[in-house]
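The values are calculated or read from the model by the stated rules, or taken from the named source; none is laboratory data. Computed from a prediction, not measured in an experiment: that's the story for all the values here. Backbone-built Cβ (ideal geometry, glycine too); neighbour counts: all protein chains shown. Accessible surface areas use protein heavy atoms only, side chains included; no ligands, DNA or RNA. Shrake-Rupley method; radii C 1.70, N 1.55, O 1.52, S 1.80 Å.
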Amino acid sequence: MRTLSEQRYSKLGPIVVRALSAHGFGAHYFDECGDAVEKVFSLIPKDHHVSWGGSLTLVDLGIQERLEKDGYYLLDRDKGATSQERHEIMRRALLCDTFLTGTNAVSGEGQLVNIDGNGNRVAAIIFGPKQVIVVAGMNKVVQTHKDAINRAKTIAAPLNIQRFPNLETPCSETGTCTNCLSPDSICSHIVTTRFCKPAGRIKVILIGKDLGL
């Protein structure tokens, strides 16, 4: 039996899909994770070079693991033996065929908002890879663009910093954003993707579950 949140998501999801479609995104909604994952793989030709940005949603759905199992050519920065090798793989990923990522927020108006430390993830969303596939739980959906920026800064970033205990920022200690200028800040870039150009390059897969941060 679906939870009350999941019942709400099933009604809201198609509405958000229409808003995203009006902004040029290829958008799809699925109630179940398994159906969403199958849609993701239907969008990736077997000859594509594939990479991704850091995303707990992708990890939780087992997408990277399946990509490796299915024999895709992967640009995986975690395979780099040194920081220099990792950085080089991240640079090469900007010219891959398919780039996978989550998102920090989706506005009901049909926009994506992402916050990034190094900038590689938002760079790939903006330009470079032939296609970008964004996978997101409906917990990332908020009403307005202003709400989306607020979610990215005050919810996603303070949560994500907890994944990196070696980084020292005010939000890692207090759990709240202070618009810091710390050298370890993971909020170097706050990017709104208002319109997908060319149309359909960015595909957004919404799932009626709470996923990621």
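Filtering Val142, Val134 for residues that are under 16 Å from the mean Cα position of the chain (by Cα), hydrophobic (A, V, I, L, M, F, W, C) and over 28 Å from Asp47 (Cβ atoms) leaves a single hit, Val142. Entry remark, the stretch 7-39: residues being under 17 Å from the mean Cα position of the chain (by Cα) and aliphatic (A, V, I, L, M) number 6 in total. Residues in the stretch 194-213 that are open to solvent by less than 70 Å² (accessible area, probe 1.4 Å) and either closer than 26 Å to Phe164 by Cα or out of contact with any Phe, Trp or Tyr (no Cβ under 9 Å at 6 or more places or on another chain) (or both): Lys209, Leu211, Gly212, Leu213. Taking into account only those residues within the stretch 41-56 that are among the polar types (S, T, N, Q) and out of contact with any Leu (no Cβ under 7 Å at 6 or more places or on another chain), which is farthest from His28 (Cα to Cα)? Once the filter is applied, the top-ranked residue is Ser55. Entry remark, the stretch 173-193: residues being surrounded by fewer than 18 Cβ atoms within 10 Å (Cβ to Cβ), farther than 30 Å from Ile15 by Cα and in contact with an Asp or Glu (Cβ under 9 Å, 6 or more places away or on another chain) number 4 in total. Close Cβ contacts (under 7 Å, 6 or more residues apart or on different chains) running from residues in the stretch 20-36 that are closer than 14 Å to Arg201 by Cα to residues that are assigned to a loop (DSSP other than H, G, I, E, B) and hydrophobic (A, V, I, L, M, F, W, C) comprise His23/Phe195; His23/Cys196; Gly24/Phe195; Gly24/Cys196; Gly24/Ala199; Phe25/Cys196. Taking Ser42 as the residue in question, decide whether it is within 30 Å of Gln7 (Cβ to Cβ) and over 18 Å from the mean Cα position of the chain (by Cα). Answer is yes for this residue.
Checked against (1) of a type outside the set (A, V, I, L, M, F, W, C); (2) closer than 23 Å to Leu213 by Cβ; (3) surrounded by 14 or more Cβ atoms within 10 Å (Cβ to Cβ), Asp97 passes all but condition (2). Among the residues examined, Lys46 qualifies as touching a residue at least 24 places away in the same chain (Cβ under 8 Å), basic (Lys, Arg), open to solvent by 20 Å² or more (accessible area, probe 1.4 Å) and touching an Asp or Glu at 6+ places or on another chain (Cβ under 8 Å).
Which strands (runs of 3 or more DSSP E) sit wholly inside the stretch 3-90 and have at least 1 residues that are more than 15 Å from Val132 (Cβ to Cβ) and in contact with a Ser or Thr (Cβ under 9 Å, 6 or more places away or on another chain)?
Working: elements: 26-30, 49-52, 73-75.
Output list reads 26-30, 73-75.
What number of residues within the stretch 64-122 satisfy the criterion of being of a type in the set (S, T, N, Q) and closer than 28 Å to His28 by Cβ? So the count comes out to 9.
Residue count for the stretch 112-171, restricted to those that are of a type in the set (Lys, Arg), surrounded by fewer than 15 Cβ atoms within 10 Å (Cβ to Cβ) and not in a loop (DSSP other than H, G, I, E, B): 2.
Considering Asp35, Asp70, the condition of being of a type in the set (D, E, K, R), over 24 Å from Ile155 (Cβ atoms) and open to solvent by less than 60 Å² (accessible area, probe 1.4 Å) is satisfied by Asp70 alone. In the stretch 178-204, the residues that are of a type in the set (Phe, Trp, Tyr) form Cβ pairs under 8 Å with partners that are modelled with pLDDT of 95 or more and surrounded by 15 or more Cβ atoms within 10 Å (Cβ to Cβ), at six or more places apart or across chains, as follows: Phe195/His23; Phe195/Gly24.
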